[in-house]
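Here's the structure we're looking at; comments come further down.
The values are calculated or read from the model by the stated rules, or taken from the named source; none is laboratory data. Source: prediction; values computed, not measured. Every residue, glycine as well, gets a Cβ built from its backbone with ideal geometry; the counts of neighbours run over all protein chains shown.
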Amino acid sequence: MGIDLSQALDTIKRKHILDVLLQAGCNEDELRLARSLLAGTKLRVCVQNKLSDSFQTSIGSPQGDSLSPVLFTCYLAAALSSIRESSNRPNPPISSLGLPLEMEYAHDVDSPDEEKKPLDHLQPVAAEKLKVDNLFMNETKTEFTHVYLAEATETDSHGKAVRGNESWHKNKTLGSLLCSTSDITARCIQGNVTFHTLQKLWSQRTKIPLKTRLRLYNTYCVSIMLYNCNSWAAPKVMLDKLDACHRRHRSLLAKEPYQQPGTMRTVQ
């Protein structure tokens with residue numbers, strides 16, 4: 001189950017942030033510093049390129065600085081702790097098999113489980129407890145993803161085999177497809193699109209030295225192709241496919257002959 005929070009950073013209670021920091025063990029000096037940074041926050045609204053007068057705000061964490069994500073992480077951790085105490089799931093959230101039953105990144109919260117029934121019970125409990133802390137769960141965007149391996153004989157309504165094409169292959173978490181094979185295929189496509197979009201840049205060989213072009217390529221293309229690669233569990237044939245895509249790009253950049261797939265590397 002993937003929980004979606006609406007405008008999470010803009011709704012947190014500042015008084016409660018200080019209470020959470022106190023419970024986390026912050027001393028008086030640290031609390032005074034946090035209180036000072038949260039006080040006197042003003043906002044201006046831009047409507048049709050016109051800015052309103054500034055006005056004071058009493059909720060939300062100031063965004064655009066390094067403090068905001070730290071405060072929100074502490075705030076959300078306290079809210080999730082309250083949910084655990086009110087649900088029938090293990091606390092700490094670890095299954096009997098040692099699998100994590102809770103994963104968070106920024107304001108995205110995933111609650112995996114081996115059965116759907118505990119998640120059906122968790123959803124209303126989570127919505128109620130989050131609301132107490134002024135965090136609002138967008139229930140219409142809450143996703144339930146069933147990860148499974150279809151039977152070899154299972155077919156869809158068109159008579160096509162389901163195995164290898166289960167619906168969860170198209171689901172994403174943190175910008176990556178759950179299926180590593182599908183994600184690598186998509187990464188190669190996105191890398192090719194970006195590479196050809198910047199074709200005019202690559203063609204300026206006399207104005208832009210090779211070293212600079214390779215650096216730009218690593219920034220714009222390789223970063224897309226290797227995004228979240230540490231989470232992949234893909235067969236070697238798919239890694240070779242990604243490597244071949246990278247080598248084709250590099251040979252076009254440097255006018256080198258195409259090399260056989262091997263170990264992918266980022267050119268410095």
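Residue check: is Thr145 of a type in the set (S, T, N, Q), surrounded by 11 or more Cβ atoms within 10 Å (Cβ to Cβ) and touching a residue at least 24 places away in the same chain (Cβ under 8 Å)? Answer is yes for this residue. Mind checking whether some residue in the range 199-211 is surrounded by 12 or more Cβ atoms within 10 Å (Cβ to Cβ) and on the phi > 0 side of the Ramachandran plot? Looking through the range 199-211, none of the residues is surrounded by 12 or more Cβ atoms within 10 Å (Cβ to Cβ) and on the phi > 0 side of the Ramachandran plot.
One line per residue, one yes/no per condition, for (1) out of contact with any strand residue (DSSP E or B) (no Cβ under 7 Å at 6 or more places or on another chain); (2) within 30 Å of Trp168 (Cα to Cα); (3) hydroxyl-bearing (Ser, Thr, Tyr); (4) surrounded by fewer than 16 Cβ atoms within 10 Å (Cβ to Cβ):
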| position | (1), (2), (3), (4) |
| --- | --- |
| Ser6 | yes, yes, yes, yes |
| Gly40 | yes, no, no, yes |
| Ala77 | yes, yes, no, yes |
| Arg89 | yes, yes, no, no |
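Selection of the range 161-208 for residues being among the polar types (S, T, N, Q), in a strand (DSSP E or B) and within 24 Å of Asp240 (Cβ to Cβ) yields only Ser176.
Residues in the range 43-62 that are closer than 19 Å to Lys15 by Cβ and under 29 Å from the mean Cα position of the chain (by Cα): 7 in all.
Pairs are defined by a Cβ separation below 9 Å, a sequence spacing of at least 6 or placement on different chains, a first member in the range 212-223 that is touching a residue at least 40 places away in the same chain (Cβ under 8 Å), and a second member that is assigned to a helix (DSSP H, G or I) and among the aromatic types (Phe, Trp, Tyr); the pairs so defined are Arg213/Trp202; Tyr217/Phe195; Tyr217/Trp202. The criterion of at least 3 residues that are over 27 Å from Asn138 (Cβ atoms) and free of Cβ contacts under 8 Å to residues at least 12 places away in the same chain is met, among helices (runs of 4 or more DSSP H) falling completely within the range 5-119, by 28-38.
So that you can scan it fast, the table gives a plain yes or no per residue for (1) loosely packed, with under 14 Cβ neighbours inside 10 Å; (2) outside the structural domain of Met137 (by TED's automatic domain parsing); (3) under 23 Å from the mean Cα position of the chain (by Cα); (4) at pLDDT 80 or above:
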site	(1), (2), (3), (4)
Thr11	no, no, yes, yes
Ile17	no, no, no, yes
Val70	yes, no, yes, yes
Leu80	no, no, yes, yes
Leu99	yes, no, yes, yes
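Residues in the range 172-214 that are basic (Lys, Arg) and within 30 Å of Glu104 (Cβ to Cβ): Lys172, Arg187.
Taking residues in the range 126-141 that are under 13 Å from Met1 (Cα atoms) and touching a residue at least 24 places away in the same chain (Cβ under 8 Å), and partners anywhere that are surrounded by 15 or more Cβ atoms within 10 Å (Cβ to Cβ) and of a type in the set (Val, Ile, Thr), the pairs with Cβ atoms closer than 7 Å and at least 6 places apart or on different chains are Ala126/Ile3; Ala126/Ile83; Met137/Ile3. A residue that is within 19 Å of the chain's Cα centre (by Cα) and modelled with pLDDT under 85 cannot be found anywhere in the range 118-132.
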